[in-house]
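Following: one structure in structure tokens, then a few remarks.
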């Protein structure tokens, strides 16, 4: 069966949200959980990502598959419950698919089925642009108009879920002759031989996310790869959806932390009852967070300020709860949880990543303060 036929066949299965969660959960439990420590130490799990794609993990949030953001977030939760790194890769892949679809560009739409099913892989290079558009740092990629498109140059220090032969969404500033910014373009960056990839310093965790420093030197972007020109209206449209999808990373880490606490209730419950945060309390907070996320997931492209504030708040709450729950899992397991091979040890590092990945908690609070300040009397 060719790739197109496979994509069409699997898309019929993806109509059932419950089946997606079941199938993704099966891959997560049977394959991903066994590879989690190896992934944490640097293995890039494209084989498992492909199986997750065929299970429907990367489909539900797309308009062509019913715009079921709640299902996509639950699928990501199942994945992150077994491996936070792969949960993050899922988010990268999901938002790249979102860029391709929402672009409306026929050339990118033609590539979307292979992306969705996991025949091809692509991430996102929006960490710097999101901070730049919020006024936190300068835009690191610059574009110069040329016949038929743009030449883009610059270096991005941290781009995940990429390697040669893959791709990612990226943004570059277009400057006027006087050096001031005219606008921004967003494009799909194909990682071909003209793109320089340099290894990043070793992280304390999340090493299996294939994260690289990317350098472009007069890289040509033509019409077939343009996502948005200008980019600003497009970013305004997708910003809430971009951030909301990250909830699945947080809830997966939280749920696994609760699992690890419950795993030692029989043997250590008599002393663990004196710890500050127990499984029941954390589960109640997780349920509250999940209810908020499901409600927001019904209108992922809503453009109101109140909606974006609620998304930012839920994302921040998820990061805070992941930090609290992962630390509690280690405290409940004691010395056993302090072993380098123990799940709580990995969960703590994964939770810290949830808190610092763009938008980081400080970025989220910056954005919330900015939005709320707009309503304050001068």
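The values are calculated or read from the model by the stated rules, or taken from the named source; none is laboratory data. Given the structure is predicted, the values throughout are model-derived calculations rather than measurements. Here the Cβ positions follow ideal geometry from the backbone for every residue, glycine too, while neighbour counts run over all protein chains shown.
For this structure, a couple of remarks:
- The listed residue being in a strand (DSSP E or B) and over 20 Å from residue 193 (Cβ atoms), out of 113, 157, 129: 157
- Residue match in region 357-365 (condition: in the same structural domain as residue 275 (by TED's automatic domain parsing), buried (at least 23 other Cβ atoms within 10 Å of the Cβ), in contact (Cβ under 8 Å) with a residue 12 or more places away in the chain and part of a loop (DSSP other than H, G, I, E, B)): yes
- Residue match in region 2-14 (condition: modelled with pLDDT of 95 or more, touching a helix residue (DSSP H, G or I) at 6+ places or on another chain (Cβ under 6 Å), assigned by TED's automatic domain parsing to the domain that holds residue 114 and under 14 Å from residue 117 (Cβ atoms)): no
- Positions within region 191-219 being on the phi < 0 side of the Ramachandran plot and in contact with a helix residue (DSSP H, G or I) (Cβ under 7 Å, 6 or more places away or on another chain), in sequence order: 204, 205, 207, 208, 209
- Some residue of region 244-260 being surrounded by fewer than 17 Cβ atoms within 10 Å (Cβ to Cβ), within 28 Å of the chain's Cα centre (by Cα) and in contact (Cβ under 8 Å) with a residue 24 or more places away in the chain: yes
Residue-by-condition table, conditions (1) buried (at least 22 other Cβ atoms within 10 Å of the Cβ); (2) closer than 28 Å to residue 99 by Cα:
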| residue | (1), (2) |
| --- | --- |
| 288 | no, no |
| 303 | no, yes |
| 307 | no, yes |
| 315 | yes, yes |
| 334 | no, no |
| 347 | yes, no |
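- Residue 136 meets each of the listed conditions (1) more than 23 Å from residue 224 (Cα to Cα); (2) at pLDDT 95 or above; (3) part of a loop (DSSP other than H, G, I, E, B) apart from (2).
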